[in-house]
1. Among the candidates 149, 125, 135, which residue alone is small (Gly, Ala, Ser) and touching a Leu at 6+ places or on another chain (Cβ under 8 Å)?
2. Return the pairs, sorted by first residue and then second, in which the second residue is loosely packed, with under 14 Cβ neighbours inside 10 Å, the first residue lies in region 39-55 and is more than 15 Å from residue 90 (Cβ to Cβ), the beta carbons are less than 6 Å apart, and the residues are 6+ apart or on different chains.
3. With respect to residue 158, is the statement that it is part of a strand (DSSP E or B) and touching a strand residue (DSSP E or B) at 6+ places or on another chain (Cβ under 9 Å) true?
4. Answer yes or no as to whether residue 186 is within 18 Å of residue 15 (Cα to Cα) and outside the structural domain of residue 36 (by TED's automatic domain parsing).
5. Any chance you could count how many residues in region 62-75 are under 21 Å from residue 8 (Cβ atoms) and surrounded by fewer than 17 Cβ atoms within 10 Å (Cβ to Cβ)?
6. Please find, among 138, 164, 178, the residue that is over 24 Å from residue 273 (Cα atoms) and at pLDDT 95 or above.
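The values are calculated or read from the model by the stated rules, or taken from the named source; none is laboratory data. Only a predicted model underlies this, so the values are computations on that prediction, with no experimental measurement involved. Glycine also receives a Cβ, built like all others from the backbone with ideal geometry; neighbour counts cover every protein chain displayed.
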Amino acid sequence: MLRITTPSRLHIALIDLNGALGRIDGGIGLALDTPSTILSAEKADEIIVEGNNALQARVKKSAEAVARGHGGVHIVIEEGYPSHVGLGSGTQASLAAGMAVNALYDLELSVQDIARIVRRGGTSGIGVAAFEKGGFILDGGHRFDEKGGFEPSSVSRAPPPPVLMRHDFPNWDIILALPALKGAFSTKEVNIFQEECPIPLAEVQATSHIILMGLLPALLEGDLKAFGSAINALQGTGFKKREVKHQPIARALMDVMLESGAAGAGMSSFGPLIYAITDSPHEVQEAVKDYMGDKGNVMLSRARNTGAYIQYQ
């Protein structure tokens, strides 16, 4: 028997949904230490999945895709977290299921191989790279002629994009505010991509400028204030501005975080998860709790600079 523990992830921003240079997507994000998905697995005569009803179908489908022609597996989802909230549960659960089969049957597949089989990483490569190595990730997107259009990972059949940069993230506190809502997914998510894209080139250029000359230097220099300023600037341009527009509570929560001392605040993917990066976690956490009351949860996390790991029992 084995147990796989995955990170979750923040998806900070998609970079280019214009395509003027022949590539689209591209993204930045980071792996989180908590919450986690934990699966235990052992060989079986068929594919059996127990625990966490919300993830069962996805885990079973992924296990079946990797196990085809090799054998069965009995998977128990010991821990999970909600889908469609901005933490990337679908990718982590799918990759964990595929990796369980891979490890049990000595298939010698890489994380990238498994991602292709279970069809993850078709728009953003952050979740796949977070599973593989953790840390802060910058991916290079897809050739437009390879992908063929502006669409989310849930319907894209493109392979995972190349990782241009992976760097350990500083030991900064990260506040996660999770309102009792859902982000855009399924048909609604597809429709938003179709309605909003292509993003004006000037906004893509502004997003790229913030990342290249603001966020990345601040990350490498460990400059919390400058990193937070870049996160704040990203919320008002490019595709991220459109994502925030579709989640009405986002701006109010970010304002609460910033007013209580956070260096930076943003929305992960389509939300509703709002995050703050701060050196005053208690003040920010209490302010968010007061604002949301019983209509959401607040967690304290930090980045994880390693990927998913397997324990054999």
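1. Details: 149 fails: touching a Leu at 6+ places or on another chain (Cβ under 8 Å); 125 fails: touching a Leu at 6+ places or on another chain (Cβ under 8 Å).
Just a single option satisfies the conditions, and that option is 135.
2. Listed pairs, sorted by first residue: 42/1.
3. On the way: part of a strand (DSSP E or B): no; touching a strand residue (DSSP E or B) at 6+ places or on another chain (Cβ under 9 Å): yes.
So residue 158 does not fit the description; no.
4. Details: within 18 Å of residue 15 (Cα to Cα): no; outside the structural domain of residue 36 (by TED's automatic domain parsing): yes.
Considered against the rule, which asks whether it is within 18 Å of residue 15 (Cα to Cα) and outside the structural domain of residue 36 (by TED's automatic domain parsing), residue 186 comes out as no.
5. Applying the first criterion (under 21 Å from residue 8 (Cβ atoms)) to region 62-75 yields 62-63, 75.
Keeping just the survivors that are surrounded by fewer than 17 Cβ atoms within 10 Å (Cβ to Cβ) gives none.
Adding up the residues that qualify gives 0.
6. Details: 138 fails: over 24 Å from residue 273 (Cα atoms); 178 fails: over 24 Å from residue 273 (Cα atoms).
When all the criteria are applied, what remains is 164.
Yes/no per residue for (1) hydroxyl-bearing (Ser, Thr, Tyr); (2) assigned to a helix (DSSP H, G or I); (3) closer than 15 Å to residue 175 by Cβ; (4) at pLDDT 95 or above:
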{"residue": "216", "(1), (2), (3), (4)": "no, yes, no, yes"}
{"residue": "229", "(1), (2), (3), (4)": "yes, yes, no, yes"}
{"residue": "233", "(1), (2), (3), (4)": "no, yes, no, yes"}
{"residue": "236", "(1), (2), (3), (4)": "no, no, no, yes"}
{"residue": "240", "(1), (2), (3), (4)": "no, yes, no, yes"}
{"residue": "247", "(1), (2), (3), (4)": "no, no, no, no"}
{"residue": "254", "(1), (2), (3), (4)": "no, yes, yes, yes"}
{"residue": "276", "(1), (2), (3), (4)": "no, no, yes, yes"}
{"residue": "283", "(1), (2), (3), (4)": "no, yes, yes, yes"}
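Residue-wise test of (1) at negative phi; (2) touching a Cys at 6+ places or on another chain (Cβ under 7 Å); (3) aliphatic (A, V, I, L, M).
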site	(1), (2), (3)
11	yes, no, no
16	yes, no, no
26	no, no, no
32	yes, no, yes
35	yes, no, no
47	yes, no, yes
56	yes, no, no
63	yes, no, yes
